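Chemist: What follows is a structure written as structure tokens; I'll ask about it next.
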Amino acid sequence: GMQRNAVDCVFVMVVLVLVQVTARPWTVAAVIVVTLASLCTLTIVNQVVYGGGAAFGGLSTVTTASGEMITTLRYGGPLPDSNFWGRHLALGLPMAAALMTRALRADRRASAAAWGLALVLLLGGVYLTQSRGSFLAAGVAIAVWFLAVERSVRRWALILVPLGAAAFAVPGVGNRMVAAFEDFTQAD
């Protein structure tokens, strides 16, 4: 476990050094979002077209994990665990939202639409993990982005609040969150 944690810390340090050296944080965020959204696209195609039968060279793996009230196969992207993959995707959500906000502020509608599509793909990838922790992490990530943006964007983003509430009506999200809450409150 220590070796894996050390490798993860070294990776984060290398990424942070590269961000500082390039002095282009928006480019780094764009690369991260495009990479994660591309992997989510493979996962969505795997689910919709192939029913989980294509692994795309290990980039869209179906995990062996199961759980109560699962509505789709649990995808782990390139990782063997859907929970860890969902955490990675949750980190990409606020980056995609920030890139979309930046494009809207600069009045680049085509770029904003592309970042909005990336955001939707990331949310689709989070859904296909079927991980309750990933659902919560995605909600927290979007809430933090919502609090961090300026007031004019926050007013515009209030339109998304009903969509966020409607996400609990999607099969596999709301019922799993209720089950997690019941497990938490009824535990000894």
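The values are calculated or read from the model by the stated rules, or taken from the named source; none is laboratory data. Just so we're clear, the structure is a prediction, and the values are computed from it rather than from any experiment. Cβ placement follows ideal geometry from the backbone for every residue including glycine, while neighbour counts extend to all protein chains displayed. Just so you know, the surface numbers come from the protein's heavy atoms only, side chains and all, with ligands and any DNA or RNA stripped out. Shrake-Rupley method; radii C 1.70, N 1.55, O 1.52, S 1.80 Å.
Chemist: Leaving out ligands and nucleic acids, and using a 1.4 Å probe, what accessible area per residue does segment 27-170 come to in Å²? List each step's numbers first, then the result.
Modeler: Values: 7500 Å² over 144 residues.
With the other protein chains kept in place, segment 27-170 gives 52 Å² per residue.
Chemist: A follow-up question, please. Please compute the modelled spin-label separation between residue 178 and residue 24, points set 7 Å along Cα→Cβ, answer in nm with one decimal.
Modeler: In this crude label model, residue 24 to residue 178 measures out at 4.9 nm.
Chemist: Quick check: pseudo-label points 7 Å beyond the Cα along Cα→Cβ at residue 15 and residue 140, how many nm apart are they?
Modeler: 1.6 nm
Chemist: Starting from one equal scatterer on each C-alpha and no solvent at all, send me the Debye-based log10 I(q)/I(0) for segment 18-99 at q = 0.15, 0.23, 0.27 Å⁻¹, two decimals.
Modeler: Here the Debye-derived log intensity ratios amount to -0.59, -1.06, -1.26.
Chemist: When the Kirkwood hydrodynamic radius is evaluated over all pairs of different C-alpha atoms of segment 77-188, what value in angstrom, to one decimal, is obtained?
Modeler: Numbers: mean 1/r = 0.0669 Å⁻¹.
The answer is 15.0 Å.
Chemist: Could you give the nm distance between label points at residue 120 and residue 38, where each point is 7 Å from its Cα heading toward the beta carbon?
Modeler: Reported label-point gap for residue 120 and residue 38 is 2.1 nm.
Chemist: Pop the C-beta distance of residue 154 and residue 5 into the FRET formula with R0 = 30 Å and round what comes out to the nearest 0.05. Could the numbers behind the result be given before it?
Modeler: Numbers: r = 36 Å, r/R0 = 1.21.
Plugging the Cβ-Cβ distance into 1/(1 + (r/R0)^6) gives 0.25.
Chemist: Quick check: at a probe of 1.4 Å, how many percent of the accessible area of segment 35-113 sits on carbon and sulfur atoms? Mind showing how you got there, number by number?
Modeler: Values: 2450 of 3950 Å².
Ligands and nucleic acids excluded, carbon and sulfur reach 62 percent.
Chemist: Hey, what number do you get for the chain at 222 nm if only DSSP H runs of n ≥ 4 count, each worth -39500 (n - 2.57), divided across all residues, to the nearest 500? Working shown, then result.
Modeler: Details: 8 runs with 133 residues, N = 188.
Helix-only estimate at 222 nm: -23500 deg cm²/dmol.
Chemist: Would you mind calculating the relative contact order of the chain from Cα pairs under 8 angstrom and at least 6 residues apart, reporting the percent as a whole number?
Modeler: Working: 209 pairs, mean separation 37.5, N = 188.
Result for the chain is 20 percent.
Chemist: Moving on. Between 34, 49, 21, find the one with the highest GNM mean-square fluctuation for the chain; connect C-alpha pairs within less than 10 Å.
Modeler: 21
Chemist: Just subtract the alpha-carbon distance of residue 106 and residue 167 from 0.36 nm times their residue separation and send over the number in nm, one decimal.
Modeler: Numbers: separation 61, 0.36 × 61 = 21.96 nm, distance 2.95 nm.
Full-extension gain reported as 19.0 nm.
Chemist: In a solvent-free Debye calculation with one equal scatterer on each Cα, what is log10 I(q)/I(0) for the chain at q = 0.11 Å⁻¹, listed in the order of the q values?
Modeler: -0.54
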